[in-house]
Amino acid sequence: MLPHTRHKAWGKDQKRTPWKHLGPREKAILDAGWAHVQSVPYKASLRWLFYRLLQDGFYKGKKDYGQACSGLFSRARHTQQGHWRPDTLEDESREIIIRAGGCRDEDEAIQEMRSNVIGAAYVPRDHFYHQENYIELWFEANAMSSQFKYYTKDIDLVPMGGQPSIPHKWKVAKRLEGAARIYGKPIVILYFGDEDAHGHVIQKTIEMDVRRWAPEVSFDLIWCGLTMEQVERYAIPENPEKPGYQWEALSDKGAREIITAAIGKYIDEEVTEDVNAAAEEFQEAWQEKLAAVFDESDK
């Protein structure tokens, strides 16, 4: 392993041009980071990548995230160093709000209408009408949304992003009220958070407020991870700044196993597959009928 040294963060006075002289340590970190990014089937966040490099020994503590790691990978993406591109890593908190767009003219509008109408023949079926429980996944680490999206399907995901805001918790409570009315069956929340004092406080605060704002809704909240047993099994390193262990420090393999094992206890995959197959059969039959209607109107 190369000796641990700090590389200078990229300041505003530095031009966004590729390095003329990329040091051996920086190159080694970028190469190792790229290997980690390519090792997972979803777009990773910078914080997830930092924990991989921390475990590799390139960084020594959590403070290196802002002082060293963030600057290095920011410049690498801005200047497209090697394989790195601006969109290589997942944005952890922002989204683009689309409000413009549309068709060029009437001909394009007709084609778009045809495509939309025929495509709309597929209406997803809700497998929870046929499951024993209604399930949601709540997780503390907002930066790991891509991971949960990839390893789950047909289940609503509720990222908290640390201690969530009052409006967010109110929305979550109203969602559960709606689920109780729609399904009329037991509700189970599978929760994933950091194994530290703050992580448990976040979970307890969320649960307390949601129960207070949805008093008629009965639900079970199951802490699925992290647990100390999982920390030991997957050799998760301790947070270098404070006692405890963070979800982002978990390997991709560990995360996949924890998430899928938790879901497997409450979701019957055969039921989900049967429901989705019925929806696809309905789609094929109606797409043929709708296509025939458009073909007839074109004559």
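How large is the convex hull of the C-alpha atoms of the stretch 197-288 per residue, in Å³?
Looking at the stretch 197-288, the number lands at 177 Å³ per residue.
If amide H atoms are built 1.01 Å from N in the plane of the peptide, which residues on other chains or at least 5 residues away come under 5 Å of the amide H of Leu221?
Here the answer is Ile189, since their amide H atoms fall under 5 Å of that of Leu221.
For the stretch 127-270, restrict the atom set to alpha-carbon positions and state the Rg and Dmax in Å.
According to the Cα coordinates of the stretch 127-270, Rg and Dmax are 15.1, 46 Å.
When the gyration tensor of the stretch 168-244 is built from Cα positions, what are the square roots of 5 times its three eigenvalues, in whole Å, from largest to smallest?
30, 14, 8
Rounded to the nearest 20 Debye, what is the dipole magnitude of the stretch 54-94 about its Cα centre when Lys and Arg each give +1 and Asp and Glu each give -1 at the C-beta?
The dipole of the stretch 54-94 has a size of about 180 debye.
Can you pull the one-decimal nm distance between simple spin-label points at Lys289 and Asp31, each 7 Å off the Cα toward Cβ?
6.1 nm
Based on the Cβ-Cβ distance from Arg85 to Lys242, what FRET efficiency comes out when R0 is 30 Å, to the nearest 0.05?
0.30
Mind listing the long-range amide H neighbours of Tyr59? Cut-off is under 5 Å, sequence gap 5 or more, other chains count too, H placed in the peptide plane at 1.01 Å from N.
Leu54
Relative to a virtual label point 7 Å from the Cα of Phe282 in the Cα→beta-carbon direction, which members of the stretch 123-145 show backbone nitrogen distances below 14 Å?
123-130
Pairs Lys60/Lys153; Lys149/Lys253; Lys62/Lys174; Lys63/Lys153; Lys27/Lys63: which are spaced more than 25 Å apart, C-alpha to C-alpha?
Those over the limit are Lys60/Lys153; Lys62/Lys174; Lys63/Lys153.
Each value in this text was obtained by applying a stated rule to the coordinates, not by laboratory testing. Fair warning: this is a prediction, and the values are worked out from it, not measured in the lab. Neighbour counts are summed over all protein chains in view; Cβ atoms, including those assigned to glycine, are modelled from backbone coordinates with ideal geometry.
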